[in-house]
Amino acid sequence: MSVLTEQLAKTEESITQQCLAGGRNREEVILVAVSKTKPLHMIEEAYAAGQRHFGENRMQELQEKAESLDHDDLQWHMIGTLQTNKIKFIAAYVHWIHSVFKVKQLNEINKRAAQHNRVINVLIQVNISEEPQKGGCEADELDELLTHAQTLDHILVRGLMGMAKFTDDETTISDSFELLRNLQQRHNTNYPKLTELSMGMSNDYALALDKGSTMLRIGSSIFGSRA
């Protein structure tokens with residue numbers, strides 16, 4: 001067993017045990033292996049070991065990888081900053097976009113998805129860390145975004161995404177995740193398809209699972225640290 005395959009297996013086992021301890025079904029949680037900057041052969045190795053969801057943070061890198069890897073059941077997640085003028089590069093390939101927080105982004109994704117006769121799953125990014133460099137909308141902007149998304153035929157808003165503050169204080173991290181879960185539950189009343197919570201990375205996914213995360217974005221624990 002290679003190091004990558006072993007690390008993926010350890011991560012899967014950790015998630016499974018955390019779900020069991022929390023009374024959750026492992027099938028509720030999607031592991032997004034963050035493959036940004038990693039070569040194709042590592043993605044192929046993870047795929048061979050059973051991984052199906054991969055996350056990228058640069059649109060042209062996602063496009064190049066998607067064009068090179070021909071697997072019908074592989075799902076690509078765009079988790080990085082969206083540049084509106086580059087959405088055209090990923091519209092034919094991406095299955096999930098985690099980092100939407102502007103009306104103009106929704107409109108452009110819808111336009112480009114329509115050109116490929118596709119419906120793209122979208123998550124609204126909320127700034128739960130109060131750190132401006134992380135992007136995301138404010139909580140009171142969610143209604144406007146969700147209402148507008150209802151008018152678009154080629155996107156489907158499936159949930160919310162957030163990143164906790166970079167800190168060792170677990171209480172601060174948990175409180176951020178709790179905020180996102182509360183927002184999702186509040187808006188799910190009017191938007192019943194708003195079921196997903198993308199939160200938790202290699203350093204804090206246990207806390208995220210405890211707060212109801214349904215998508216974990218994990219990179220270094222699987223692929224190793226980046227240069």
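Here, each number is a calculation from the coordinates, and none is a lab measurement. For clarity, every value in this text was computed on a predicted model and none was experimentally measured. FYI the Cβ positions are ideal-geometry reconstructions off the backbone, even for glycines, and counts take in every protein chain you see.
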The listed residue being free of Cβ contacts under 8 Å to residues at least 24 places away in the same chain, more than 14 Å from the chain's Cα centre (by Cα) and farther than 26 Å from K134 by Cα, out of E45, E64, E27: E27
Residue match in region 142-155 (condition: β-branched (V, I, T), loosely packed, with under 15 Cβ neighbours inside 10 Å and either out of contact with any Cys (no Cβ under 9 Å at 6 or more places or on another chain) or assigned to a helix (DSSP H, G or I) (or both)): yes
Residue, surrounded by the fewest Cβ atoms within 10 Å (Cβ to Cβ), within region 156-181, restricted to residues that are part of a loop (DSSP other than H, G, I, E, B) and not β-branched (V, I, T): D168
Scan of region 98-127 for residues that are touching a Leu at 6+ places or on another chain (Cβ under 7 Å) and within 28 Å of D70 (Cβ to Cβ), ordered by number: H98, S99, V100, N110, V119, N121, V122, L123
Count of region 182-220 residues which are outside any strand (DSSP E or B) and touching a Lys or Arg at 6+ places or on another chain (Cβ under 8 Å): 11
Residue satisfying condition, being in contact with an Asp or Glu (Cβ under 6 Å, 6 or more places away or on another chain) and not acidic (D, E), within set T84, T167: T84
